[in-house]
Amino acid sequence: MQLQEIVADLAEHWPLYVSMPFIAALIGYVTKRVAIEMMFRPIEFVGIRPFLGWQGVLPANAERMAATATDMLTNNLVDPKEIFARLDPDQLAKEIEQPLLQVVEEITEEVMEQYQPRLWEALPSGAKELLLRRIQAEAPKVIAKIMRELSDNIEDVLDLKNMVITNLVRDKSLLNRLIRDISRPEMQFIANSGLVFGFALGCVQLLVWALTKSPIVMPLFGLGIGWFTDWLALKMIFLPREPREFFGLYTWQGVFQKRRDQVAADYGDMIAREIITIPNLLEAILKGPKADRLFHLIGREVQRTIDAQAGVVKPLVAAAVGTRKWQEMKQAAALKAAERVPDTIRYAEEYAVNALDVRNTIVDRMRQLSPMEFEELLRPAFRQDEWKLIAVGAIIGGLVGELQAILLLH
């Protein structure tokens, strides 16, 4: 085409030409929003397995993502032995003293009434009270002793990695929030970049169309806009890891790297508020793969305390029920204590949260990570199926471009 013909065509169809950069910007934005939503939604697979349907990238890879997040957490940010050492066993025992004394009384009465109800009823009230007082007086000391042993050997009763993975896999929406909440500005950057990059490529598209009028231009540019803008936006989130000057005019650092302090604060808040919580820790200790070790520890200490403190009633009970029965009673008491005493820790939740200080520990450690280590906090969320997100953006862009070509030619 001659220059005059191009100018005449531009003048005649200027609304169409003017619309091209804006449509390209819209393609860039929409493909980004779609890609972002496809990362997180739907939480469960929708469609016909195995190929006809979709599940959000993160929920579909929940176990792998949870394992990756947990490796970062346990290898670089949280040392269970270190944080549990911050608990003062005597203070903890003091915090739960009242509910603990109540539990001790209930267990003692239940065991005696279960094995020797007549003997328990026949015992003088003074003997009963003496037994209860002696055992109750020792109970906080026993708890403090158990806590000291736990603090020194926390890995024997708590599998922190298993706890975090279990909670993230069980609640995929929690995994979504963990990634989405700390990366919200990055997600917005991806969407906004689609507008900017799409508009710039749309200007190029305008010139190429004006010169060629080829029907293939629109779908090719649409596909290219969708692919290139997705790819570039993902790269700009993480790279460069350190501030870098370009052409002596502009300094750029990966959006995620630049927000290190805020990400650390948000991540610490999220972990302390929803993952490494006192209820979750208790559940992991009481129901996790190492729970039997805790019950054994409590049972052993309870039986020792009963032997040491039964004093005045032990001869009477042992003579009445026999040595074998006495041992069974101690074991029953130990079993009940192992099941019920740990729940009293919930009464010390406020103290434990402040003492463990999980949030500030994570924040401080995150700020000490190298740029590469810090990148690994979020990068795995994109890496596994990044090509799928880029491909979807390209396909959507190509379809919109084809529609655009049809409208222009008719």
Residue among GLU110, GLU105 that is farther than 29 Å from ASN360 by Cβ, in contact (Cβ under 8 Å) with a residue 60 or more places away in the chain and surrounded by fewer than 17 Cβ atoms within 10 Å (Cβ to Cβ)
GLU110
Of the residues in region 26-39, how many are under 27 Å from the mean Cα position of the chain (by Cα) and open to solvent by 40 Å² or more (accessible area, probe 1.4 Å)?
3
LEU168 - would you say it is assigned to a helix (DSSP H, G or I) and crowded, with 20+ Cβ neighbours inside 10 Å?
yes
Take the residues in region 212-228 that are not small (Gly, Ala, Ser) and not in a helix (DSSP H, G or I); name whichever of them is most open to solvent (accessible area, probe 1.4 Å).
ILE216
Considering residues of region 338-377 that are closer than 28 Å to PHE295 by Cβ and among the β-branched types (Val, Ile, Thr) only, the residue most open to solvent (accessible area, probe 1.4 Å)
VAL353
If you check ALA67 against the conditions, is it modelled with pLDDT of 80 or more and either open to solvent by less than 70 Å² (accessible area, probe 1.4 Å) or among the β-branched types (Val, Ile, Thr) (or both)?
yes
Among the candidates PRO59, PRO42, which residue alone is open to solvent by less than 70 Å² (accessible area, probe 1.4 Å) and out of contact with any Leu (no Cβ under 8 Å at 6 or more places or on another chain)?
PRO42
Find the residue count for region 229-288, including only residues that are part of a helix (DSSP H, G or I), open to solvent by 20 Å² or more (accessible area, probe 1.4 Å) and closer than 19 Å to LEU377 by Cβ.
12
Residue tally, condition open to solvent by less than 70 Å² (accessible area, probe 1.4 Å), farther than 23 Å from ILE6 by Cα and of a type in the set (Val, Ile, Thr), over region 185-211:
1
Taking the condition assigned to a helix (DSSP H, G or I) and either over 30 Å from LEU206 (Cα atoms) or open to solvent by less than 80 Å² (accessible area, probe 1.4 Å) (or both), does LEU73 pass?
yes
Only one of LYS141, LYS172, LYS145, LYS213 is on the phi > 0 side of the Ramachandran plot and touching a residue at least 12 places away in the same chain (Cβ under 8 Å); which?
LYS213
Identify all residues within region 345-384 that are among the small types (Gly, Ala, Ser), more than 16 Å from LEU178 (Cβ to Cβ) and either in a helix (DSSP H, G or I) or touching a helix residue (DSSP H, G or I) at 6+ places or on another chain (Cβ under 8 Å) (or both); write none if there are none.
ALA348, ALA352, ALA355
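The values are calculated or read from the model by the stated rules, or taken from the named source; none is laboratory data. These numbers come from a predicted model, not from an experiment. Using ideal geometry, Cβ is built from the backbone for each residue, glycine included, and neighbour counts are taken over all protein chains shown. Note: accessible area is taken over every heavy atom of the protein model, side chains too, but ligands, DNA and RNA are not part of it. Shrake-Rupley method; radii C 1.70, N 1.55, O 1.52, S 1.80 Å.
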